[in-house]
Structures are given as structure tokens and as C-alpha cells.
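The values are calculated or read from the model by the stated rules, or taken from the named source; none is laboratory data. Computed from a predicted structure; not experimentally measured. Using ideal geometry, Cβ is built from the backbone for each residue, glycine included, and neighbour counts are taken over all protein chains shown.
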Amino acid sequence: MQPIPAAIPEPLRNFLAEVRELKRRRVEAGYRHTATNAREAMEAMTRRYVTRIPPVPLIRDELVPGHEYLVPVRLYLPAPEEERPVALFAHGGGHVGGSVSVYDAIARKLALASGWTIASVEYRLAPECPYPSALKDLVTCIKGIFDVLRRAEPPIPFAPRLALIGDSGGGALCASAAHLAQFDPDVCLERQVLIYPSLDYSLSQPSVTENGEGLLLERARILWYFDCYLRQAENRRAVSPLFMDLSPGYPRTLVATAQFCPLRDEGLAYVERLRGAGIACEHNGYPGQIHAFLNLEDLDPETCADLYRRVGDFLNTP
């Protein structure tokens with residue numbers, strides 16, 4: 001295993017050293033990946049390192065009706081009396097872990113940084129509910145969130161403008177949904193934010209190997225996530241956002257990547273592909289950072305604050 005790069009900030013280097021030692025001990029004890037321990041690990045990491053939980057003026061839980069599932073959403077309203085635009089947030093976790101509860105602090109900060117109402121989506125998880133269940137849930141919310149706000153008791157004010165935000169596996173869901181929505185005349189996605197997104201289920205980009213061991217998110221774990229999610233022999237290239245069709249209806253997009261993330265190169269390739277298709281796309285690369293750094297906020301709060309600020313700027317710039 002390669003040494004931990006010196007370009008990574010010291011608190012993160014210390015964290016990675018701890019993770020490597022924990023992995024060594026677990027392997028010696030016969031550890032194997034399960035949905036249970038994957039979910040527990042993500043929750044424990046996030047709760048340990050995201051400890052600043054700012055108040056939001058109003059938080060409400062609602063349900064978005066779908067054909068297969070009533071999709072729970074948690075609404076974070078930074079200005080409950082005002083008509084604010086809405087961003088659906090799809091949390092990360094490799095389609096296997098994560099939840100609205102685990103990502104509560106992150107959703108709060110997105111709402112406060114942007115001034116938008118954030119609707120955090122409790123989509124179904126694999127392996128219990130494999131592809132395309134989670135994608136269907138996000139599409140259900142895209143099509144139904146305004147009706148839910150309108151019919152809520154009491155009704156929730158909103159401006160009829162919609163964006164998507166997703167990190168990691170949630171970024172995969174957002175990009176996939178955006179590709180579907182561009183051909184739906186009844187849907188208008190104004191913008192999209194993809195934070196170190198998973199965009200290539202075929203894992204064909206060089207950084208998957210370059211950064212694929214010892215830097216938190218590892219290639220072997222990614223493959224396991226995908227095997228949990230894609231259980232019907234799907235063509236992994238065909239269902240990858242990186243290779244999906246594009247049209248002028250695709251939303252303006254912000255992509256954030258991390259230097260030592262195994263998903264870095266697919267994010268960079270996606271930026272180039274969108275720009276090549278004439279779609280407005282911004283990119284913020286974070287040197288010295290690893291995957292899921294928002295879930296490790298206390299180890300580098302300045303970088304996380306910068307990302308939240310950039311998301312807010314992107315959503316609000318004309």
C-alpha cells in the first residue's frame with residue numbers, strides 16, 4: 001500500500017492512518033463487507049466528525065407519493081415565510097448506506113449556505129432494494145415535490161424552481177435523474193450540484209486505481225457497493241451517467257472533485273463531456289482532499305465551508 005500522500009492535511013493523514021490500522025485488524029479477524037457494517041461505519045464516521053449542527057428556522061417531514069413507495073423527505077426551510085426555490089438532496093453512501101438522519105447536519109448547512117429550501121430524500125437502499133429503486137424514488141420527488149409543498153398543512157411557500165444536489169452515490173442518482181429529466185417536457189431542472197460524484201459504474205477511469213487503496217474509499221469497496229446495487233446483470237456502462245445521452249435540456253452543473261478521491265477522474269471527464277456538449281458546467285477541484293470530506297468536516301472545516309459557499313454561489317448566480 002502506498003504511503004499516505006504528504007499533500008493531504010495532517011489531521012486527515014492521521015485519520016487515514018487510523019483507518020488503515022483498523023482495516024488491518026479487521027481483516028485479521030475475518031471481517032467481511034455487509035450492508036449492516038457499511039451503514040454503521042458511515043454513520044459513526046459522520047457523527048464523530050460533523051459536530052457543528054446549526055439551527056434551521058423550520059424543519060418538516062413530508063411524504064412524496066410514488067407508484068411503488070411513499071418517499072420520505074425532510075424539508076429544511078431557511079426562510080419559512082418566503083417563497084424560496086427548492087433543491088432535492090440525495091445523500092451519499094454507495095447506494096447502500098447513508099440516510100436523511102445521518103446527513104442532517106450537511107442538509108442544514110446546504111440550506112443555510114444557499115438560502116434554498118432543501119428536501120433531503122430518504123430513497124430506498126440496496127441490496128434490499130437494488131437498481132432502479134433509488135433512482136425511481138428521486139424521479140418521484142422531482143415530479144412530485146411541488147405538489148407536496150402546495151398540499152402540506154399548512155402549505156409551504158416555494159418558488160417553482162428546482163435543483164438537484166448529491167454527493168458520491170447521491171451524485172450518481174442526481175446525474176442519472178437529470179439525464180432522464182432532460183427528455184421529459186413536464187420537468188425543468190434549473191441546476192445541479194455533484195459533489196465527488198460516482199458517474200462510471202464500469203470504473204474505467206485511472207484514479208480508481210491510482211487512489212483506490214488506503215485513502216478511505218477503496219476500489220474493492222466500490223465494486224462491492226455496485227454489486228449490491230446492480231443485481232440484474234445491468235450493462236454498467238449503459239447505466240453510467242458518464243456515458244448517457246446529452247441534450248440542451250440538461251441542467252447547468254457544478255462538479256466538485258477531490259485530488260485523492262478514486263472518483264476524481266470520472267468527475268473531470270464528466271465536466272469535459274458536458275462542456276463539449278455545450279452545457280454550462282463549473283468545476284471546483286479540492287487539492288489535498290479525499291473522498292467524503294464533508295463527512296469529515298471537523299478535520300478540515302475551512303475546506304468544507306468553502307464548498308458550502310461555492311454551492312450557494314452557484315445556485316444563486318444568475
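Go through region 56-77 and give me each residue that's out of contact with any helix residue (DSSP H, G or I) (no Cβ under 6 Å at 6 or more places or on another chain), of a type in the set (Asp, Glu) and not in a loop (DSSP other than H, G, I, E, B).
Hit for region 56-77 is Asp61, nothing else.
Look through Ala134, Ala119, Ala126 and report the one residue that is part of a loop (DSSP other than H, G, I, E, B) and of a type outside the set (Val, Ile, Thr). Full working, then the answer.
Working: Ala134 fails: part of a loop (DSSP other than H, G, I, E, B); Ala119 fails: part of a loop (DSSP other than H, G, I, E, B).
Sole residue among the options that is part of a loop (DSSP other than H, G, I, E, B) and of a type outside the set (Val, Ile, Thr): Ala126.
Tell me the residue from Arg74, Arg60 that is of a type in the set (D, E, K, R), modelled with pLDDT of 95 or more and more than 17 Å from the chain's Cα centre (by Cα), please. Outline the logic, then answer.
Values: Arg74 fails: more than 17 Å from the chain's Cα centre (by Cα).
Of Arg74, Arg60, the one residue that is of a type in the set (D, E, K, R), modelled with pLDDT of 95 or more and more than 17 Å from the chain's Cα centre (by Cα) is Arg60.
Test Leu88 against the stated conditions and say whether it is surrounded by 24 or more Cβ atoms within 10 Å (Cβ to Cβ), under 23 Å from Tyr250 (Cα atoms) and at pLDDT 95 or above.
Details: surrounded by 24 or more Cβ atoms within 10 Å (Cβ to Cβ): yes; under 23 Å from Tyr250 (Cα atoms): yes; at pLDDT 95 or above: yes.
Yes, satisfied.
Kindly indicate whether any position in region 78-99 is assigned to a loop (DSSP other than H, G, I, E, B) and touching a His at 6+ places or on another chain (Cβ under 8 Å).
Yes, region 78-99 contains at least one residue that is assigned to a loop (DSSP other than H, G, I, E, B) and touching a His at 6+ places or on another chain (Cβ under 8 Å).
Across region 228-242, what is the total count of residues that are touching a Ser or Thr at 6+ places or on another chain (Cβ under 6 Å) and outside any loop (DSSP other than H, G, I, E, B)?
1
If I filter region 126-145 for residues that are in contact with a Pro (Cβ under 8 Å, 6 or more places away or on another chain), under 21 Å from Arg108 (Cα atoms) and surrounded by fewer than 23 Cβ atoms within 10 Å (Cβ to Cβ), do I get at least one hit? Before the answer, list the steps.
Applying the first criterion (in contact with a Pro (Cβ under 8 Å, 6 or more places away or on another chain)) to region 126-145 yields 140, 144.
Subset that is under 21 Å from Arg108 (Cα atoms): none.
No, every residue in region 126-145 fails to be in contact with a Pro (Cβ under 8 Å, 6 or more places away or on another chain), under 21 Å from Arg108 (Cα atoms) and surrounded by fewer than 23 Cβ atoms within 10 Å (Cβ to Cβ).
Where residues in region 210-225 are in contact with a Ser or Thr (Cβ under 9 Å, 6 or more places away or on another chain) and of a type outside the set (D, E, K, R), which of them is farthest from Val96 (Cα to Cα)? Let's see the steps before the verdict.
Residues of region 210-225 in contact with a Ser or Thr (Cβ under 9 Å, 6 or more places away or on another chain): 217, 219, 222, 225.
Restricting the remaining residues to those that are of a type outside the set (D, E, K, R) gives 217, 222, 225.
Values: Leu217: 14, Ile222: 11, Tyr225: 7 Å.
Step by step, filter region 210-225, then rank; the result is Leu217.
Can you find even one residue in region 265-281 that is surrounded by fewer than 22 Cβ atoms within 10 Å (Cβ to Cβ), of a type in the set (Phe, Trp, Tyr) and touching an Asp or Glu at 6+ places or on another chain (Cβ under 9 Å)?
Checked region 265-281: no residue is surrounded by fewer than 22 Cβ atoms within 10 Å (Cβ to Cβ), of a type in the set (Phe, Trp, Tyr) and touching an Asp or Glu at 6+ places or on another chain (Cβ under 9 Å).
Only one of these is of a type in the set (D, E, K, R), more than 30 Å from Phe146 (Cα to Cα) and either exposed (fewer than 11 other Cβ atoms within 10 Å of the Cβ) or out of contact with any Gly (no Cβ under 8 Å at 6 or more places or on another chain) (or both): Arg39, Arg60, Arg47, Arg20. Name it. If you could, list the steps in order and put the result at the bottom.
Working: Arg39 fails: either exposed (fewer than 11 other Cβ atoms within 10 Å of the Cβ) or out of contact with any Gly (no Cβ under 8 Å at 6 or more places or on another chain) (or both); Arg60 fails: more than 30 Å from Phe146 (Cα to Cα); Arg20 fails: either exposed (fewer than 11 other Cβ atoms within 10 Å of the Cβ) or out of contact with any Gly (no Cβ under 8 Å at 6 or more places or on another chain) (or both).
Answer to the selection: Arg47.
What are the pairs, 6+ residues apart or on separate chains, where a residue within region 198-227 that is without any contact (Cβ under 8 Å) to a residue 60 or more places away in the chain and over 21 Å from Lys23 (Cβ atoms) has its Cβ under 7 Å from a residue that is hydrophobic (A, V, I, L, M, F, W, C) and crowded, with 21+ Cβ neighbours inside 10 Å?
Tyr201/Phe226
Out of Tyr250, Tyr270, which single residue is outside any helix (DSSP H, G or I) and hydroxyl-bearing (Ser, Thr, Tyr)? Break it down into steps so the answer makes sense when it comes.
Details: Tyr270 fails: outside any helix (DSSP H, G or I).
The unique qualifying residue is Tyr250.
I'm checking my understanding of the structure. Among residues of region 100-116 that are part of a loop (DSSP other than H, G, I, E, B) and in contact with a Gly (Cβ under 9 Å, 6 or more places away or on another chain), which one is surrounded by the fewest Cβ atoms within 10 Å (Cβ to Cβ)? Outline the logic, then answer.
Within region 100-116, the subset part of a loop (DSSP other than H, G, I, E, B) is 100-103, 115-116.
With in contact with a Gly (Cβ under 9 Å, 6 or more places away or on another chain) added as a condition, the list becomes 102-103, 115-116.
Working: Val102: 21, Tyr103: 27, Gly115: 14, Trp116: 29.
For region 100-116, the residue satisfying everything is Gly115.
Taking Pro155 and the conditions (1) surrounded by fewer than 18 Cβ atoms within 10 Å (Cβ to Cβ); (2) in contact (Cβ under 8 Å) with a residue 60 or more places away in the chain; (3) not acidic (Asp, Glu), which numbered condition does it fall short on, given that it satisfies the others?
Pro155 satisfies all of (1) surrounded by fewer than 18 Cβ atoms within 10 Å (Cβ to Cβ); (2) in contact (Cβ under 8 Å) with a residue 60 or more places away in the chain; (3) not acidic (Asp, Glu) except (2).
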